[in-house]
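The values are calculated or read from the model by the stated rules, or taken from the named source; none is laboratory data. Small disclaimer: the values here were computed from a predicted structure and weren't measured. So basically every Cβ, Gly included, is an ideal-geometry build from the backbone, and we count neighbours across all protein chains shown.
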Amino acid sequence: MSKLVIEGVSRTFAGVRGGQPVQALQPVDLAVAANDFITILGPSGCGKSTLLRIVAGLEAPSTGRVLLDGNAVTRPGPDRGMVFQSYTLFPWLTVAENIGFGLRERNMSERERSEIVASYVDLVGLKGFENHWPKQLSGGMQQRTAIARALANDPAILLLDEPFGALDNQTRGLMQELLLGIWERRKKTVLFVTHDIEEAIFMASRVIVMSARPGRIKSDVPVDLPHPRHYTLKTSPEFSALKAQLTEDIRVEAMRTAQAQSA
Amino acid sequence: MLRPLHPVPPGTRTVLGIAFFVLFVAFWAWITLGGHVNRIFLADPLSMLKDGWRLLVEDRFWLDILITIWRVFGGFVLASIVAVPIGIVMGAWKPVEAFLEPFVSFARYLPASAFIPLLILWAGIGELEKLLVIFVGSVFQVILIIAVKVGSTRRDLVEAAYTLGATDNGIVKRVIMPANAPEIAETLRLVLGWAWTYVIVAELIGSSSGIGYMIINSQSRLATGQIIFGIIVIGLIGLLSDFAFKALNRWLYPWSLA
């Protein structure tokens, strides 16, 4: 049985000032197997973030439904951990308190909490920074904390909305390896939205390519590259072949978006 | 050379800031001691200091100062404990906002000073009336400012908290309130400034103690030196309490510093 099932989910936004309603997402069907790492790749504005927010329960679909472990998603909950593109650490909490936020909401005792928090601080390599405020951290460290915060809740699925989009290229590469390393060690079902082709291939066991707005699934590409993956993989011939294929796919969509905007 | 937006070194900044005070007092001394204005209407700086000293030593003016400080503090606390919870509730729950916002917006334009005759009828000319003047003058403003700040809580933080399993109650207690605490404290710092204005107005009418009372009393005796001394005392205490408040906020909310 699939871990996550997306059935005919679409999203239409009401028109602004009496204008035509805008369809952001055409009906999408997708089944995700447990412990799969799925990346959703698409040009900006294709509705991929909208799809992710619907899975998170932060937005309601106009049609269709989302099932996680057979239960319909109606509102956000701790079974769907999310990492956002913008830095969303709570600025009034330290790194450790941020990571423990979800556990605190569950009324877990201080002692149990600190044990779990310490293990996740370790997992994302933030030892020594437990008592720092978020504003004292670099962008990469903030996103590492955000990943630890989402994972500490032990969610059934981890949702990431362009989590490394605001980081510089070098940091981004390191973060990809860090997240993939965590996934390789502690299997987890992951839905990862990105517009970066290389990132989409490197992280994924399956890449879902989305079309230009209104978004729909254009292709579904399995990535059978071996694990554990090392950054040198990005220069291998197999990787390059996949990249060439997806670049072609996404280029057509990006051009369509550009034309739609200039029209 | 003066160039737009070019920063000034810290030392120079201090010197320039003090220089204006010196110039101001020098000008004041020149027009008064030089005989350019009638001494009856404006005392010179030296007689002002002399009058002030006499007030403190002989007329026990420090008691008036303490009474005024107590009133400011009392009115401020009263307004804060009413306005902060209402503001938070209004900002967080939109139906409550829809219910109260129009009335509060209207009420904040009611001038506190015009309420003084009514407040005297209701509460007499005792301490309660002074506190109520400050209360009426600030409570509606504070409610609105806090409601707006709470209403503009970063949505991404709220969404993040929901995905971590927070309940609606948890969102209010552990996201909305801490997120806005520094700005609420900053708003209250402003209120303290208003309270100083309202308390003097309250003391000018129907009062028998306080800095404002001393000022209105000095007017009938044409003691302009005392009036000016009283005004300067208010300014200095205001400045000191402002510094103290700022320091307290910095200590309470170290995470919000840039």
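From the set of residues in the stretch A:47-83 that are closer than 29 Å to residue A:246 by Cα and of a type in the set (Lys, Arg), which is nearest to the other protein chains (Cβ to nearest Cβ)? Only one residue fits best here, namely A:80.
Criterion applied to A:86, A:44 was being in a loop (DSSP other than H, G, I, E, B), among the hydroxyl-bearing types (Ser, Thr, Tyr), more than 10 Å from chain B (Cβ to nearest Cβ) and surrounded by fewer than 19 Cβ atoms within 10 Å (Cβ to Cβ), and the one residue passing it is A:44.
Taking residues in the stretch A:23-36 that are in the same structural domain as residue A:47 (by TED's automatic domain parsing) and part of a loop (DSSP other than H, G, I, E, B), and partners anywhere that are of a type outside the set (A, V, I, L, M) and surrounded by fewer than 16 Cβ atoms within 10 Å (Cβ to Cβ), the pairs with Cβ atoms closer than 7 Å and at least 6 places apart or on different chains are A:35/A:187. For residue B:226, state whether it is free of Cβ contacts under 8 Å to residues at least 40 places away in the same chain, away from chain A (no Cβ under 14 Å) and more than 16 Å from the chain's Cα centre (by Cα). When the stated conditions are applied, residue B:226 does not pass them.
Evaluated against (1) over 18 Å from the mean Cα position of the chain (by Cα); (2) surrounded by 18 or more Cβ atoms within 10 Å (Cβ to Cβ); (3) not aromatic (Phe, Trp, Tyr), residue A:64 falls short on exactly one condition, (2).
Number of residues in the stretch A:4-35 that are surrounded by fewer than 21 Cβ atoms within 10 Å (Cβ to Cβ), modelled with pLDDT of 90 or more and over 12 Å from residue A:63 (Cβ atoms): the value is 6. Note on the stretch A:114-147: residues that are part of a helix (DSSP H, G or I) and within 14 Å of another protein chain (Cβ to nearest Cβ) total 11.
So, residue A:52, is that one buried (at least 19 other Cβ atoms within 10 Å of the Cβ) and in a strand (DSSP E or B) or not? Considered against the rule, which asks whether it is buried (at least 19 other Cβ atoms within 10 Å of the Cβ) and in a strand (DSSP E or B), residue A:52 comes out as no.
Hey, any hits in the stretch A:2-18 for a residue that's touching a residue at least 12 places away in the same chain (Cβ under 8 Å) and assigned to a loop (DSSP other than H, G, I, E, B)? Scanning the stretch A:2-18 turns up at least one residue that is touching a residue at least 12 places away in the same chain (Cβ under 8 Å) and assigned to a loop (DSSP other than H, G, I, E, B). In the stretch B:197-215, the residues that are of a type in the set (Phe, Trp, Tyr) form Cβ pairs under 6 Å with partners that are in a loop (DSSP other than H, G, I, E, B) and modelled with pLDDT under 90, at six or more places apart or across chains, as follows: B:213/B:207.
Being assigned to a loop (DSSP other than H, G, I, E, B) and under 30 Å from residue A:45 (Cβ atoms) is a condition met by at least one residue of the stretch A:91-109.
Restricted to the stretch B:160-205, and to residues there that are at the interface with another protein chain (Cβ under 10 Å from one of its Cβ atoms) and outside any helix (DSSP H, G or I), the residue that is farthest from residue A:88 (Cα to Cα) is B:167. Taking the condition under 19 Å from residue A:135 (Cα atoms), out of contact with any strand residue (DSSP E or B) (no Cβ under 6 Å at 6 or more places or on another chain) and within 8 Å of another protein chain (Cβ to nearest Cβ), does residue B:157 pass? Yes.
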